[in-house]
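What follows draws every value from the coordinates through simple rules; no lab data is involved. Everything numeric in this text was worked out from a predicted model, so none of it was measured. Positions of Cβ are backbone-derived with ideal geometry, glycine not excepted, and every protein chain shown enters the neighbour counts.
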Ligand code: LRH
């Protein structure tokens with residue numbers, strides 16, 4: 001069969017990359033053409049994303065890709081979920097907020113005053129996170145922007161709009177707003193009406209694989225822009241190299257998204273109370289998962305130590321953490337909302353432990369070990385709950401994304417879950433993005449099983465056995 005190339009733009013909370021994927025029926029190779037930082041900016045009205053800087057890097061990255069490779073069949077964009085820009089007559093109004101901005105508490109109160117948590121879960125099946133778009137929008141209404149906006153575009157859709165002029169809402173990411181019907185077919189007009197959001201604010205839905213438009217960027221050739229799983233986690237789950245359905249995945253980066261894949265959502269109150277979300281996946285699958293706080297805990301700790309003038313070498317720190325004797329450090333509840341905002345993470349962890357009469361780690365290595373043990377414990381608890389709530393058996397755990405490079409975390413996860421852990425691919429999100437475009441371009445064929453099979457055949461994966 002034919003081989004060809006596609007370009008994946010993958011934006012994460014701390015950095016972005018543009019990658020070219022070379023794909024054929026038996027080939028899958030991904031090369032990075034551009035990496036850049038994504039540094040949020042705090043101004044008096046809150047914490048924002050620097051979306052213009054991101055867009056400039058996306059355009060430069062696409063230009064790099066087409067220079068390097070003359071058969072780029074399309075471009076696809078994914079990013080973290082829930083965040084958006086508001087527009088009027090096609091122009092951006094205001095600077096998109098970062099989901100870690102704390103303005104959403106009032107939005108949560110406003111929404112729950114109209115639709116309580118139990119009912120909201122029956123409508124959207126989302127884990128309660130204070131930054132879900134529905135709560136951000138309620139906060140936005142207090143600030144008055146909703147009175148002038150006529151369109152909302154989630155960030156990957158906003159960038160696609162700037163590249164092509166089209167205004168669409170890609171389904172996987174749209175499902176993280178909390179405003180879609182549970183079958184994912186449409187915006188939930190009943191819910192929108194009750195919450196007082198204009199339904200015309202929301203763009204027509206498209207599914208992964210659909211053509212959004214063509215790039216119209218000064219100086220560059222027109223390239224088709226294809227909808228992918230524009231929610232990064234949806235793309236990452238496409239690239240989980242599982243051989244059958246008895247797997248759990250951990251998409252491990254800033255967040256750790258831990259769960260299983262289902263055909264239908266679970267909207268029971270038990271599921272809500274256990275903190276499970278039903279997000280839409282590629283090919284209409286359900287990503288039934290729990291948001292675990294993730295490597296944010298460690299990254300933010302390292303940032304704190306560096307701000308105190310300590311020269312932290314991460315590989316060395318992880319090696320020291322691996323040498324901390326088992327049982328030396330306690331675990332804490334990584335779900336505690338106090339860990340969400342930016343700021344001094346070791347102090348917050350220490351406060352949690354003191355409040356719970358647990359010993360506070362004394363060294364940075366012990367803090368690091370404590371964080372990783374706590375994450376592994378949260379993964380294990382989540383997988384046990386997922387088995388109980390779905391009736392599935394999980395026989396293997398796949399860790400994908402940047403966190404799968406953390407061998408200590410992989411080892412602790414195998415131990416605490418009591419299951420084999422398969423690590424890789426590191427670039428799962430970009431890989432899932434590439435695969436969905438490649439299928440739309442006719443370079444590969446089949447369902448998710450076939451795409452996963454290709455990942456398995458083309459990647460060296462590391463397995464960690466529980467002791
Ligand atoms: C991971 C992620 C996650 C969301 C969060 C906002 O990058 O998309 O799935 O819950 O960011």
With contacts defined as alpha carbon pairs under 8 Å and 6 or more residues apart, what's the relative contact order of segment 227-303 in percent?
32
Sites residue 333 and residue 114, calculated FRET efficiency, Cβ-Cβ separation with R0 45 Å, nearest 0.05:
0.90
Given the C-alpha centroids of segment 105-179 and segment 341-381, what is the distance between them in whole angstrom?
32
In whole percent, what relative contact order does the chain give with Cα contacts below 8 Å and a gap of six or more residues?
17
Among 207-220, 367-380, 312-325, 395-408, how do they line up from the highest to the lowest mean number of other beta-carbon atoms within 10 Å?
367-380, 395-408, 207-220, 312-325
According to a simple spin-label model (label point 7 Å from Cα along Cα-to-Cβ), what is the distance in nm between residue 145 and residue 387?
4.4
Going 7 Å from the Cα of residue 467 in the Cα-to-Cβ direction, what parts of segment 359-385 have a backbone nitrogen less than 20 Å from that spot?
365-381
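For residue 351 and residue 210 in the same chain, what is the full-extension length gain: residue separation times 0.36 nm, less their Cα-Cα distance, in nm?
45.9 nm
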Add -39500 (n - 2.57) for each DSSP H run of 4 or more in the chain, then divide by its residues: what number comes out at 222 nm, to the nearest 500 deg cm²/dmol?
-11500 deg cm²/dmol
Between segment 243-282 and segment 210-226, what is the C-alpha centre distance in whole Å?
33
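Classify segment 368-451 as rounded, prolate or oblate from the Cα gyration tensor: take a ≥ b ≥ c as the square roots of its eigenvalues, call it rounded if a/c is under 1.5, otherwise prolate when a/b beats b/c and oblate if not.
Oblate shape, in that a/c is at least 1.5 and b/c is the bigger or equal ratio.
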Between residue 190 and residue 320, how high is the FRET efficiency from 1/(1 + (r/R0)^6) when r is the Cβ-Cβ distance and R₀ = 35 Å? Nearest 0.05.
0.05
Cα shape, the chain, gyration tensor, a/c 1.5 rule
rounded
Residue 445 versus residue 56: modelled label distance in nm, points set 7 Å from Cα along the beta carbon direction
4.6
For segment 1-76, what is the convex hull (Cα atoms) projected area averaged across all directions, in square nanometres?
5.3
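Test of understanding: express the Cα radius of gyration of segment 235-284 as a ratio to 2.2 N^0.38 Å, with N the residue count.
Working it through for segment 235-284, the quotient is 1.20.
Can you bin segment 106-165 into rounded, prolate or oblate? Criterion: square roots of the alpha carbon gyration tensor eigenvalues sorted a ≥ b ≥ c, rounded for a/c under 1.5, prolate for a/b above b/c, oblate for the rest.
Cα axes put segment 106-165 in the oblate bin.
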